[in-house]
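Peer 1: Take a look at this one; I'll ask things after.
The values are calculated or read from the model by the stated rules, or taken from the named source; none is laboratory data. The model shown is predicted, which means the values in this text are computed figures rather than measured ones. Cβ coordinates were reconstructed from backbone atoms using ideal geometry, including for glycine residues, and neighbour counts include every protein chain displayed. Each accessible area value is taken on the protein alone, full model and side chains, heavy atoms only, with ligands, DNA and RNA left out. Shrake-Rupley method; radii C 1.70, N 1.55, O 1.52, S 1.80 Å.
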Amino acid sequence: MILKARWSRIFPCYQRPDPHPEISVLLMMSYLFKGVSLHRYLLIYLLIAIGVSGGLSAKPSWPSEADRIAAYRERCQREIQYYVDLTDASNPESGSLFTIAANVAFGENIEWARERLRTVNNPPTGSMFWMHPMVLAMYAGRDVWNEEDIAFIRELWRTYFPFRGDTENHWLMYYASLYLACQMFPDSGPEAWYNGKSAQENMEVAKDYIKDWIHVTTSYGQGEYDSPNYIEEYLRPLGLLYGWVEDPELKELSRMMIDYVLLDFVVENLDGLYGGAHSRLYPRYAMRPALTAATQHAWMLFGLGTEQHNAGNIILSLCGYTPPAILHRIAWDRDEAYVQKELKRTRWRLRHAGPKAFEIEGRFTIPVYKYTYVHPDFMLGSSQGGLLQPIQQQTWSLIWRDENPLETANTMFGIQPYSNPLEGTMYFVSDWDTVTDLIARSKVDYDSPDKLEGGSPYEQIYQHESTLIALYSMPNDNRFPHIQTLFTQDLKERSEDPSGWIFARGGPVYIAYRPFAPGEWRPVDWTGLLKSGAGAWFSTNFDKLAGKSEFYVSESLQNGYIVQIAPVSEYKSMSAFQSAIKGLKCDFSLHPKPKVNFTALDGAHLQVKYDGDFLIDGKRIDYSKWPLYDGPFSKADRESETLEIQHGGERYFLDFKNVTSSTSFISQQ
Amino acid sequence: MSKRNLILLLTLAWPLINSSAQKTDTPMVLFTAMMMTKAQQASSVPTDSGVLLRDKSTGEWLRFGPAIQMISSATADPSDPDTIFLACGNGIVRSQDGGESWRLVTGWRESDVLQIAVDPEDGNRVYAASAWGVTLSTDGGDTWQASNTGLPEYFSKNIAIDYRKTSRLLLATGTGLFESRNRGKTWKRITSFPQVAGLRLRRSESDPDLWICGSEGRGVWVSTDDGKTWKATAPALKEANIYGVAIDPFEADNLAAGGWGTGVYLTEDRGKSWEKARGKLPSDNITSVLFDVNVSHRIWASTFEEGTYFSDDFGNSWTTAELDGAYVQDLGFLPQN
């Protein structure tokens, strides 16, 4: 009881399960609707109260708001307790800053935390990866740290000069942490800080960056978009800000941005697995989507999947954030298939920006057109191909529903393994001759012919619902002149048909794969790089994860394939599915450039040629009109700085320009 | 001689193009801006980084300023040796007391700075080349603004001020050399230089008409008409990426160049004929070369992760100056405080 009381006192945002949500709504509305006439006020209250108390008639099966929040809070408690339980209080040489934060938040192992705070910072390392857990520990232990501790902490901030990093997650972590560290000592002068700026000066710069990132993201899309790994690196700083920033504008913006990032995730999740095309993904997570940070967040935030923990969840637990009910419902609602379109952008291109580049306040980028078909049984998603990220890009992927995804490689994807200083210097400051080497110091698979992720300038992807077409045109001197498509060990009934189609079943879906050029089967990671453990944590256990999975590898420079997915439930048997596929019109040629005419299972006639237009039933797809968000649950126009989230009869509207959010309800037919 | 002219004359003795230190009586000390990458395993972070000064008497390298990751260069104000700028990933860090204290003087927009130049006539005018383009200050570095008009892409590696006419600047970018005649307000391409990255730009101290520039993929280029027109030189290096070029402050006919896989090349006739240095270095991957301003004809060369060396016999033999494991971004001279 004492500990819980302490928690509430330390974290004013934190709310225990609310036994009377309708009263909370009343209180919230009295704040939000100051000045609104009484009868309108009561009408709005009635509508919202009906909604939060589970009265949305469209989905009577949803938990009541009180139950949902209670369950969420219980998971938050377990998250923190998990890290407390990991603590070896007899060993001051072990334990992260996150573990320290969890302990001091719960009032546990205080003396260990005090000692560990010193040993873990001898010396401080990691730049922004040091800054943000340090800030968490500072605020989580605000009532615990004594004068000596505070003096020690201040000395760290005076003497350790963290690097701001080279990408947006780094910068957001850096500036959010800097802001909050300075906020704790707001009157401190330039002598108190490593960079010689006063607390107020640092806060001003940091706030300006954070607002700019929000402006760019809500206008043109996220640069490190839809990353099942790096979603955590965005939620961490946003959670920190929401929990402890005192500036009301930043607090509201950070809450809205958490909602924004989570919406981005939940519309492309299947049981907590992040599907579709991804900006960044590490190899072991490409093989096992259920292991990603996104899935761990999905468990804690929405109760999806199996209990898994990560450090980002500690921040979300402690910061007091509660995901809106509408996100919970979208995360769970996979009753009907839908198409999700999203506009993103590449990371900033420093060099070789190319003719498709556009400029945003002195920075160059190109649009990323994402298309995802979300089906109750599977998700097939893609981006257009090309060098959209410097490393780790997953251009397209399929995932399917599986009862035990932690033990299953329930995924499929294709890649043209590309490694070139052109790509490295496009996105990094490094020199032409060292950039690949330096990338591979930490992302060891980058320069490997059997790598599992990465973009290629010779890859073009087109998608219509459950049909995907990939075309490739490689020059002779390409470093790794082949393409490869993953067929995991968890696929069943894999067969190569004389017609040229390769068939397989992944859980509840049938897969048809039509290569345009001959290939051969090779084990995943046929150089043994990852299986041997190179790459440290991101190849941990890779041997087991890859198992007997194989790549279908083709070395034809002009190349391509069709992937056609269908639910098992729509066919009597694999044989029936095969017959249906073999009956489809499929004309392709590879020279001089690949092109294909294909009639998909749903009857759509798809025509495309490399570097050419994509026609569906004769109509050209106009990418210039691609929306920022377009799907049944989300709408946003390019440069709108807004996001409309919908589910059932509820509409939740985020307006970043005016820093407001609102909920309304529309009648359901 | 007027005071103004005296100051101008004195400023000629200071480094005008980043690390291209000038022959001078003012005590100068060799610096390196480097990061330790050789021991960097399974990590994106070098094991150490920052600016180091070489103690002339002991040969020991001593830290100068904060240990900052991704530091590219250091530059002193020619009119005030106590004012020093560090070009860093985080932005521009300035000292106004000879290195006793430091302050990050830029905001978040001015980052990934690669090199800085200070107007020798007016220390308030400071120019920086960065991965995001050119940024300039007119108040000694207190405030900064972007200045990229005329540049097709902004990535800029080196910037130099024409000390005979300080409104004129030369800029080495990712797409070639550019010139400004209005203190960086607008930029115009120097068409005789290829449209490839200029990696290292230096000017002779004794012959202001002589410039040299290393390029990405197109070797070494020289100008003998004050940077107006450029010609390729060193045919053996014509397709190389040249990261280091230098002109001897004691004898402008002596040039040096080095790049990836090339070793160090030298000429004693302004580039009419080049020869590879006979002395063997542990690696032919050269990241920086420099002529000494204190010791006549001494040449410095840094290899990628295999140490920094000097030669007093025009490359016939090399002596180690340590720094094994370092990725040297720049070698140069700063005033000895």
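Peer 1: Cβ-Cβ below 7 Å, separation at least six or inter-chain, first residue in region A:68-92 and part of a helix (DSSP H, G or I), second buried (at least 16 other Cβ atoms within 10 Å of the Cβ) and of a type in the set (D, E, K, R): which pairs?
Peer 2: Close Cβ pairs (under 7 Å, with a partner that is buried (at least 16 other Cβ atoms within 10 Å of the Cβ) and of a type in the set (D, E, K, R)) amount to A:69/A:18; A:84/A:108.
Peer 1: Condition (residue is open to solvent by 40 Å² or more (accessible area, probe 1.4 Å), of a type in the set (A, V, I, L, M, F, W, C), touching a residue at least 12 places away in the same chain (Cβ under 8 Å) and farther than 20 Å from residue A:325 by Cα) applied to region A:584-599: is it met by at least one residue?
Peer 2: Yes; the residues of region A:584-599 include at least one that is open to solvent by 40 Å² or more (accessible area, probe 1.4 Å), of a type in the set (A, V, I, L, M, F, W, C), touching a residue at least 12 places away in the same chain (Cβ under 8 Å) and farther than 20 Å from residue A:325 by Cα.
Peer 1: Can you tell me which condition residue B:212 does not meet? The list is (1) under 24 Å from residue A:435 (Cβ atoms); (2) assigned to a strand (DSSP E or B), and all the others hold.
Peer 2: Failing condition for residue B:212: (1).
Peer 1: Hey, among B:197, B:234, which residue is open to solvent by less than 10 Å² (accessible area, probe 1.4 Å) and within 14 Å of chain A (Cβ to nearest Cβ)?
Peer 2: Exactly one residue qualifies, and that residue is B:197.
Peer 1: Further question: Please name all residue pairs, on different chains or six or more residues apart, with Cβ atoms under 9 Å, provided the first residue is in region A:132-161 and is over 20 Å from residue A:98 (Cβ atoms) and the second residue is in a helix (DSSP H, G or I) and among the hydroxyl-bearing types (Ser, Thr, Tyr).
Peer 2: none
Peer 1: Hey, among A:141, A:126, which residue is among the small types (Gly, Ala, Ser) and crowded, with 23+ Cβ neighbours inside 10 Å?
Peer 2: A:141 is the lone residue from the list that is among the small types (Gly, Ala, Ser) and crowded, with 23+ Cβ neighbours inside 10 Å.
Peer 1: Just one of (1) facing chain A (nearest Cβ under 8 Å); (2) touching a Cys at 6+ places or on another chain (Cβ under 8 Å) trips up residue B:131, so point out which.
Peer 2: Condition not satisfied by residue B:131: (2).
Peer 1: Okay, next question. When you scan region A:484-516, how many residues do you find that are more than 26 Å from residue A:401 (Cα to Cα) and either at pLDDT below 95 or in a strand (DSSP E or B) (or both)?
Peer 2: Residues in region A:484-516 being more than 26 Å from residue A:401 (Cα to Cα) and either at pLDDT below 95 or in a strand (DSSP E or B) (or both): 0 in total.
Peer 1: Okay, moving on. Being closer than 19 Å to residue A:285 by Cβ and of a type in the set (A, V, I, L, M): is that true of residue A:529 here?
Peer 2: It is true that residue A:529 is closer than 19 Å to residue A:285 by Cβ and of a type in the set (A, V, I, L, M).
Peer 1: Do you know which residues across region A:360-416 are over 20 Å from residue A:460 (Cβ atoms), open to solvent by 10 Å² or more (accessible area, probe 1.4 Å) and assigned to a strand (DSSP E or B)?
Peer 2: Selection gives A:363, A:364.
Residue-by-condition table, conditions (1) open to solvent by 30 Å² or more (accessible area, probe 1.4 Å); (2) away from every other protein chain (no Cβ under 14 Å):
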site: B:73; (1), (2): no, no
site: B:101; (1), (2): yes, no
site: B:105; (1), (2): no, no
site: B:120; (1), (2): no, yes
site: B:136; (1), (2): no, no
site: B:147; (1), (2): no, no
site: B:167; (1), (2): no, yes
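Peer 1: Quick check: is even one residue across region A:560-571 free of Cβ contacts under 8 Å to residues at least 60 places away in the same chain and either in a loop (DSSP other than H, G, I, E, B) or surrounded by 15 or more Cβ atoms within 10 Å (Cβ to Cβ) (or both)?
Peer 2: No.
Peer 1: Could you go through region A:196-208 and let me know if any residue there is over 32 Å from the mean Cα position of the chain (by Cα), outside the structural domain of residue A:346 (by TED's automatic domain parsing) and at positive phi.
Peer 2: Within region A:196-208, one or more residues are over 32 Å from the mean Cα position of the chain (by Cα), outside the structural domain of residue A:346 (by TED's automatic domain parsing) and at positive phi.
Peer 1: While we're on this one: In region A:451-472, is there at least one residue being surrounded by fewer than 21 Cβ atoms within 10 Å (Cβ to Cβ), modelled with pLDDT under 95 and not in a strand (DSSP E or B)?
Peer 2: No; the residues of region A:451-472 include none that is surrounded by fewer than 21 Cβ atoms within 10 Å (Cβ to Cβ), modelled with pLDDT under 95 and not in a strand (DSSP E or B).
Peer 1: When you scan region A:237-251, do you find a residue that is modelled with pLDDT of 95 or more, under 23 Å from the mean Cα position of the chain (by Cα), closer than 30 Å to residue A:274 by Cα and facing chain B (nearest Cβ under 10 Å), even just one?
Peer 2: Looking for residues that are modelled with pLDDT of 95 or more, under 23 Å from the mean Cα position of the chain (by Cα), closer than 30 Å to residue A:274 by Cα and facing chain B (nearest Cβ under 10 Å), one finds none in region A:237-251, hence no.
Peer 1: I would also like to ask the following. Restricting region A:115-145 to residues that are in a loop (DSSP other than H, G, I, E, B) and of a type in the set (A, V, I, L, M), which is nearest to the other protein chains (Cβ to nearest Cβ)?
Peer 2: Filtering region A:115-145 for residues that are in a loop (DSSP other than H, G, I, E, B) and of a type in the set (A, V, I, L, M), the one nearest to the other protein chains (Cβ to nearest Cβ) comes out as A:120.
Every residue, every condition in (1) within 14 Å of chain A (Cβ to nearest Cβ); (2) at pLDDT 90 or above; (3) open to solvent by 50 Å² or more (accessible area, probe 1.4 Å), yes or no:
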site: B:7; (1), (2), (3): no, no, yes
site: B:26; (1), (2), (3): no, no, no
site: B:38; (1), (2), (3): yes, yes, yes
site: B:47; (1), (2), (3): yes, no, yes
site: B:52; (1), (2), (3): no, yes, no
site: B:63; (1), (2), (3): yes, yes, yes
site: B:68; (1), (2), (3): yes, yes, no
site: B:77; (1), (2), (3): no, yes, no
site: B:90; (1), (2), (3): yes, yes, no
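Peer 1: Quickly run through region A:273-288 and pick out the residues that are open to solvent by 10 Å² or more (accessible area, probe 1.4 Å) and farther than 15 Å from residue A:395 by Cα.
Peer 2: Matches in region A:273-288: A:284 only.
Peer 1: While we're on this one: Answer yes if at least one residue in region A:265-272 is in a loop (DSSP other than H, G, I, E, B), of a type in the set (Val, Ile, Thr) and out of contact with any His (no Cβ under 9 Å at 6 or more places or on another chain), and no otherwise.
Peer 2: yes
Peer 1: Kindly evaluate residue A:623 against the criterion of being open to solvent by 50 Å² or more (accessible area, probe 1.4 Å) and under 30 Å from residue A:326 (Cβ atoms).
Peer 2: So residue A:623 fits the description; yes.
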